[in-house]
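Enquirer: Got a structure for you, questions after.
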Amino acid sequence: MTQTQTQAVLDPAPTDATAVAASVDVRVPRLPGVLGWARAVVLAVLGLVALVGVWEGYKALAPEDGVVIGEQRVLPRTTDLAMPHVWDMVQRLGEPTTSMAGADPLWRSVADAALVSLGIAGVSWFVGTTVGLLLAVAMARLRVLEWGLLPWIILSQTIPLIAFAPVVRSWGSRIEIGGWDWPPWLSVAVIASYLAFFPVAVGALRGLQAHSRIHADLFHVYAAGWWSTLRRVRIPSAVPYLLPALRLGAASAVVGTVVAEVSTGYLDGIGRMLVSLAGQASGDPAKAWAPIFGAVALGLVAGGIVTVIGVLLRPYRRGEAR
Amino acid sequence: MSELTTTSTPAGTGPADGAGSSAAVSARGVTKTFKTRQGVVEALSNVDLEVAAGEFVALLGPSGCGKSTLMRVVADLERPTSGSVEVFGKSPARARRDQDYGIAFQQAGLLPWRTVARNVALPLELHGLSRPERKERVEYLLDLVGLSDFAGHHPDQLSGGMQQRVAIARALAEQPRLLLMDEPFGALDEMTRERMQAELARLSVETGAAVVFVTHSIPEGVFLADRVVVMSPRPGRIVGEVVTGIARDVPRDDALRQDPAFFARVTEVREVLHGSPVSSDGRELR
Ligand SMILES: Nc1ncnc2c1ncn2[C@@H]1O[C@H](COP(=O)(O)OP(=O)(O)O)[C@@H](O)[C@H]1O
Ligand SMILES: [Mg+2]
């Protein structure tokens, strides 16, 4: 591997002797490549198989009443009501959602609800990220703002979502600007972006402060302005910090959306579906699991989008390779 | 190599441009103290330093003696606590804004997301040179440091020595009349280091720029410089200097490293550094 890499770099046939000598210790970063992706897919499939195996294995081997120590049940019952077979859950996805004539198949209803939630989560993530980045830049610009704002930003996250969900909803329902009505989904998005901005603000601030002393000195020597330094050094240096922050922000946006849907009583998303189908679980236990799969898929898609952003930003992550 | 000792005034070999009348660096009575949690550190105490235009001066001393601080004061990266500093007759801040000097540190400090060419172009870009002008200048600079074939590489694909050459090309980008270098070869292995020393000597002749070169290696200082300024720690001050007498046009090659005159200067610097006579084979006499 190293042999061929060195060979490849030697190929351009440097002209002077020192360049030849120096190019021997040229390092080529290891890129993920097809092999890396294939390995990730295989690992994901193996993980899924293992999960199904544990589920069905436990269901087959453990007592009907679960594992009870003293009075306390430490592992769940294995009845079909508490733990439906995996194949029943999958089969149920293909059957109609309700017994009404012309009802969509269950997977379709779940997908529709998940897409609605994905859209709201996407908006919240975008708004949260924008607000988070602006706050981070403002705090990086002025020390006073960091001292003044950061404690409030941290404090903001200690207020439970449930506490202000109804307030946002009732404020929203009273907003009407020139014939435009505040739609209910916007309340959900506002609450979810309130969760999503936090990791971005904190992570981006750390990233913006992470550029090295030598780069700061260099730009001072070049008499570069603050914005120029921000654009050419501080933002690019912040990327390795920013990506985990964006990932956390995306997770917060999804969780926030689901929880806010429930607490504001928004009907079209996956959050509401989770609650209402759980209520019907005694009659149709396999059905209750369908929106859970939908929520998991939602999280995976959100994570996947951030991964794509990470790939696009790869030039700025070269430092991480070492 | 008897010509080594014949040229004893190295100053004045610099570029003959109009503003060349004033010294490249003129520091008088410079004192610098840092307030730390442990107390006040006197990094520089009443330092005087003159560097003529085109002169190559090595600042030598044990670590912690204030070499970097002195260089940073000249570069306007630190303010002196007292005393005055002039760079080409201007304040350091003014000289910095006018891009009168180029700078290189022990770490190359390249931007990892930029290619070699775009790293070298950085100062040119910041100062508004047009794209075609930039391209032409970068090509010239990369040729100068022997890295033309690596223009499109990223820093993490280069060895330490190559990265440092990129940093030097970047420091030379705006044709500065003064080059400030803080142990630029300190992190390199011995072989690379010797090759880089030879290259720097060649560059300093080609560009005619004055150089302030911080080092803690005696042979390195003597090999490169017209004059070695010796510093001692706590508080950081200049304890003496040695004019090497090795003319700028004497090639910096292995022959010079073997030259008895070179060894004599190394011994002389060592004596100044230790403040006591040293025997001819380099060991101290006690
Ligand atoms: N920013 C700073 N804050 C506090 N002390 C400093 C700072 N910079 C340098 N010093 C102190 O000043 C002294 C000289 O440092 P420096 O100039 O880096 O020495 P050298 O480059 O010769 O090794 C050291 O004792 C160092 O600890
Ligand atoms: Mg130093």
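Every number in this text was worked out from the coordinates using simple rules, so none of it is lab data. Values in this document were obtained by computation on a predicted structure and should not be read as measured data. Counting neighbours? That spans all protein chains shown, and the Cβs are built from the backbone with ideal geometry, glycine included.
Enquirer: For chain B, set up a GNM with springs between Cα atoms under 10 Å and report which of B:GLY89, B:GLY128, B:GLY54 has the largest fluctuation.
Expert: B:GLY128
Enquirer: With labels modelled as points extended 7 Å from the Cα through the Cβ direction, what inter-label distance (nm, one decimal) is found for B:GLU133 paired with B:ARG257?
Expert: Taking the two extended label points, one gets 4.1 nm.
Enquirer: Please list the helices of chain B that count as membrane-span-like by this rule: a mean Kyte-Doolittle hydropathy of at least -0.5 together with Cα atoms stretching 18 Å or more along the helix axis, each helix being a complete DSSP H run.
Expert: For chain B, where a helix must reach 18 Å along its axis and average at least -0.5, the hits are B:260-274.
Enquirer: Okay, moving on. Using Cα pairs under 8 angstrom and six or more residues apart, how large is the relative contact order of chain B, in percent? Could you put the intermediate results ahead of the total?
Expert: On the way: 574 pairs, mean separation 73.0, N = 286.
So the answer I get is 26 percent.
Enquirer: Shifting gears a bit: So between B:SER217 and B:GLN38, what do we pick up on full extension, going 0.36 nm a residue minus the alpha carbon distance? Mind dumping the intermediate values first?
Expert: On the way: separation 179, 0.36 × 179 = 64.44 nm, distance 2.94 nm.
That pair, B:SER217 and B:GLN38, stretches by 61.5 nm at full extension.
Enquirer: Could you please state, rounded to a whole Å, how far the C-alpha centre of the stretch B:20-93 is from the C-alpha centre of the stretch A:239-288?
Expert: 62
Enquirer: Still on this structure, I have one more. Could you work out the mean count of beta carbons from other protein chains within 10 Å of each residue's beta carbon in B:121-129?
Expert: Details: counts 0, 6, 6, 1, 4, 9, 3, 0, 0.
Mean partner shielding for this stretch: 3.
Enquirer: Can you give the mean number of other chain Cβ atoms that lie within 10 Å of the Cβ atoms in peptide B:111-119?
Expert: Values: counts 10, 10, 12, 5, 1, 0, 0, 0, 0.
Mean partner shielding for this stretch: 4.
Enquirer: Something else about it: Calculate the spin-label point distance for A:TRP37 paired with A:LEU51, positioning each point 7 Å from the Cα along the beta-carbon direction, and give it in nanometres.
Expert: Spacing of the two 7 Å Cα→Cβ label points: 2.2 nm.
Enquirer: Nearest 10 degrees, 0 to 90: what angle lies between the long axis of helix A:235-264 and the longest principal axis of chain A (Cα atoms)?
Expert: Helix A:235-264 and the main axis of chain A meet at about 10 degrees.
Enquirer: Go ahead and collect, in residue order, the members of the stretch B:79-103 whose backbone nitrogen is under 18 Å from a label point 7 Å along the Cα-Cβ direction of A:TRP226.
Expert: No residue passes the distance filter.
Enquirer: Distance in nm between label sites at A:ARG213 and A:ASP112, each 7 Å beyond Cα in the beta-carbon direction?
Expert: So the label points at A:ARG213 and A:ASP112 sit 6.2 nm apart.
Enquirer: For a test of the definition: using alpha carbon positions, the gyration tensor, and the 1.5 limit on a/c, classify chain A as rounded, prolate or oblate.
Expert: Details: a/c = 2.46, a/b = 1.42, b/c = 1.73.
Cα axes put chain A in the oblate bin.
Enquirer: Roughly how crowded by other chains is peptide A:184-193, in terms of the mean Cβ count from those chains within 10 Å of each of its Cβ atoms? Numbers along the way, then the final one.
Expert: Values: counts 0, 0, 0, 0, 0, 0, 0, 0, 0, 0.
Mean shielding count: 0.
Enquirer: Another question, then. Out of B:ALA75, B:ALA171, B:ALA95, any idea which swings most in a Gaussian network model of chain B, alpha carbons joined below 10 Å?
Expert: For chain B, modelled as a Gaussian network with Cα springs under 10 Å, the answer is B:ALA95.
Enquirer: Another one. What ranking do A:296-302, B:108-114 get when scored by the average of other Cβ atoms within 10 Å per residue, highest first? Walk me through the numbers on the way to the answer.
Expert: Working: A:296-302: 16.4, B:108-114: 21.4.
Result, highest mean Cβ count within 10 Å first: B:108-114, A:296-302.
Enquirer: Peptides A:286-294, A:62-70, B:29-37: what's the order by average Cβ count within 10 Å, highest mean first?
Expert: Values: A:286-294: 21.3, A:62-70: 11.3, B:29-37: 14.2.
Top to bottom by mean Cβ count within 10 Å: A:286-294, B:29-37, A:62-70.
Enquirer: Given a Förster distance of 35 angstrom, what is the FRET efficiency for B:GLU190 paired with A:LEU142, based on the Cβ-Cβ distance and rounded to 0.05?
Expert: Details: r = 47 Å, r/R0 = 1.35.
So the FRET efficiency works out to roughly 0.15.
Enquirer: Quote the relative contact order of chain A in percent (integer), defining contacts as alpha-carbon pairs under 8 Å separated by 6+ residues. Please report the intermediate quantities before stating the final value.
Expert: Working: 360 pairs, mean separation 63.5, N = 322.
Relative contact order here is 20 percent.
Enquirer: In whole percent, what relative contact order does the stretch B:111-175 give with Cα contacts below 8 Å and a gap of six or more residues? Let's see the in-between values first.
Expert: Values: 66 pairs, mean separation 32.7, N = 65.
Dividing the mean separation by the residue count of the stretch B:111-175 yields 50 percent.
Enquirer: Based on the alpha-carbon gyration tensor of the protein assembly as shown, what equivalent-ellipsoid semi-axes (square roots of 5 times the eigenvalues) come out, in whole Å, largest first? Write out the running numbers ahead of the final one.
Expert: On the way: eigenvalues 876, 155, 105 Å².
Semi-axes from the Cα gyration tensor: 66, 28, 23 Å.
Enquirer: Also, I was wondering about something else. Which of A:TRP182, A:TRP147 has the fewest other C-beta atoms within 10 Å, and how do the rest follow up to the most?
Expert: Numbers: A:TRP182 17, A:TRP147 10.
Sorted ascending by nearby Cβ count, the order is A:TRP147, A:TRP182.
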